[in-house]
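Okay, structure first, notes after.
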Amino acid sequence: MSIIDQYKIENQPYYRAVADEVDLYESAYSVRMPMMLKGPTGCGKTRFVEYMAWKLGRPLITVACNEDMTASDLVGRFLLDASGTRWQDGPLAIAARLGAICYLDEVVEARQDTTIVIHPLTDARRVLPLEKKGELIQAHPDFQLVISYNPGYQSLMKDLKQSTKQRFGALDFNYPSHDIETEIVAHETKVSLEVASKLVSIAERARNLKGHGLDEGISTRMLIYAGSLIASGVNPLSACQMTLVRPITDDPDMRDALDAAVSTFF
């Protein structure tokens, strides 16, 4: 297996389009426009990128960004082994060389001095300087950079610079409408549409509490966790408490309120 083959997505990921995001992304990829996906945690941004990589037949290299990530983690570094030093490309360099889609998930979690390294890849130059190695990678014609972040968590200390944002096209993501989200949950977990609809209704109540005691609402991902437990035979009340209520709050009053919402439907 070649290096590029290990990053190819062989089986079609399930993705339910909400609007015209698939067509818009295909058009953006046709001109290799860097893309920015904005939306709350667990609403389908990563699944969308996986689906588009599969649809376009391109390998996908995903990087989960964090505050300890350095520029070397992205572009590469020299390593010591028995025969001396050798260079090892980072994920961004591999993607640029091979023509993969490089997806930087939750990019604002990375330090700003790290995100600066993507700038030369996101303008007309399409190059990646490997300063430590003294090499300039000219990006493969098929290479594309995609980043995502959750605007709801941003602050002055954790936000993308305008000089970075303006290098990207952007797509907004949010939780789907009730019927579409019900369809997604039922498909992913194999519960009935009736059970999936109840789970979505619980999530909608919790999302209305965002900013009124909850930092974040119940995500589609969490509903899939709950549905998977219910499908495996777990009592719905216990499944919802474990996957929908306990993970998002430690406040006793908020837990009671959410538990009451679960009891209403189950």
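Expressed as an acute angle from 0 to 90° and rounded to the nearest 10, what is the orientation of the C-alpha long axis of helix 21-30 relative to the principal long axis of the chain?
0 degrees
Show which lysines lie in cross-link reach of K198 when reach means a straight Cα distance below 22 angstrom and same-chain residues fewer than eight apart are skipped.
K190, K210
Roughly how tilted is helix 193-207, in degrees to the nearest 10 and between 0 and 90, from the longest Cα axis of the chain?
Computed tilt is about 80 degrees.
Looking at the stretch 43-136, which trypsin sites (Lys or Arg not before Pro) are in a loop (DSSP not H, G, I, E or B) and have at most 16 other Cβ atoms within 10 Å?
R111, R125, K132, K133
Quick one: order Y175, Y103 by neighbouring beta-carbon count within 10 Å, fewest to most.
Arranged by neighbour count, lowest to highest, Y175, Y103 become Y175, Y103.
Quick one: length gained pulling K161 to S263 fully straight, 0.36 nm per residue minus the C-alpha distance?
Once the chain is fully extended between K161 and S263, it gains 32.3 nm.
With Rg and Dmax of the Cα atoms in Å defined as stated, name the option among (i) 17.1, 51; (ii) 20.8, 66; (iii) 17.5, 59 computed from the structure displayed.
Label of the calculated value: (ii).
Length gain on complete extension for the stretch D256 to I116, per 0.36 nm per residue less the alpha carbon to alpha carbon distance?
45.9 nm
Read-outs throughout are calculated quantities, based only on the coordinates presented, and are distinct from any laboratory measurement. Not measured: the values here are computed from a predicted model. Glycine also receives a Cβ, built like all others from the backbone with ideal geometry; neighbour counts cover every protein chain displayed.
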